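Here the structure is laid out as structure tokens; the discussion comes afterwards.
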Amino acid sequence: MTQPERLSLGVAARLARYLQVLTQAKKEGKETISSQELSEWTHVNSTQIRRDLSGFGKFGKRGVGYNVDSLVSQIRKILRTAGQHNIALFGAGHLGRAIASSHIFADHGFTVVAIFDNDPEKIGEKVGTVTVRAIEDLKQAVEDEDIVVGVLAVPGGSAQQLADRLVDAGVKIIFNYSEALLQVPPEVTVHTSSPAVDLLYALYFYLT
Ligand SMILES: NC(=O)c1ccc[n+]([C@@H]2O[C@H](COP(=O)([O-])OP(=O)(O)OC[C@H]3O[C@@H](n4cnc5c(N)ncnc54)[C@H](O)[C@@H]3O)[C@@H](O)[C@H]2O)c1
């Protein structure tokens, strides 16, 4: 399989979207999927899908479609997300608990291996199988448990100080659920999740 050095942002975003649909299809027991079906679920047109996937070798058979399993592993390889990746979660509140006990990350090979909170009442509590720890343990946890992503499920006012600690501990990817605008060095990527902003984006394409 030939693989370009770096994907364009557009291709990477579409591949991630295909992966999301394929992972769900796999969970529902689907073995093959056509570019037309992928198109219906992702709203990317099927010609574009075939073009995106053909660039990386032949996964599909004419008339049969793509094998879901092999397409999932191929896209994960292309996105370099094959294997398991460890996450540290900050905030054992409503959102943090929901994230820790759901499959949204696990389905894509991410495991929540550590949960941090600054509320003394929560430290030592179990959320699923993980014990809530004090923030002072962060640096050691990143080192010992090979943590590559920090997920912030804390109030906006606490997010920057935690981002600073993550950067200091060497974590390069921050997934920010709060509304805080985070300042990080250029080598660190922040992804901010905002359902309302995603909806505005969808609305823009609906209205134009
Ligand atoms: N983007 C989304 O989809 C989405 C959805 C829901 C909530 N949110 C955001 O997620 C965040 C959490 O929401 P919630 O409803 O779970 O709040 P919550 O109050 O239930 O939980 C927040 C937790 O963070 C902890 N915390 C606060 N400061 C901390 C610090 N400095 N270090 C470690 N832990 C700290 C608190 O002790 C608490 O356990 C908020 O910023 C909220 O706006 C985003």
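The values are calculated or read from the model by the stated rules, or taken from the named source; none is laboratory data. Treat the numbers as computed from the prediction; the structure is a model and nothing was measured. Glycine also receives a Cβ, built like all others from the backbone with ideal geometry; neighbour counts cover every protein chain displayed.
Residue-wise test of (1) of a type in the set (S, T, N, Q); (2) over 20 Å from residue 191 (Cα atoms).
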position	(1), (2)
51	no, yes
54	yes, yes
73	yes, yes
96	no, no
101	yes, yes
- Determine, yes or no, whether residue 118 is outside the structural domain of residue 159 (by TED's automatic domain parsing), surrounded by fewer than 18 Cβ atoms within 10 Å (Cβ to Cβ) and more than 14 Å from residue 20 (Cα to Cα). no
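Could you please find all residues in segment 74-119 being part of a helix (DSSP H, G or I) and within 16 Å of the ligand (Cβ to nearest atom)?
If we filter segment 74-119 for residues that are part of a helix (DSSP H, G or I), which is where we start, we get 74-78, 94-100, 106-108.
The answer is 94, 95, 96, 97, 98, 99, 100.
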- Long-range neighbours under 7 Å by Cβ, at least six apart or interchain, first residue over 16 Å from residue 170 (Cβ atoms) within segment 86-97, second of a type in the set (D, E, K, R) and near the ligand (Cβ under 6 Å from one of its atoms): 91/117; 92/117; 92/122
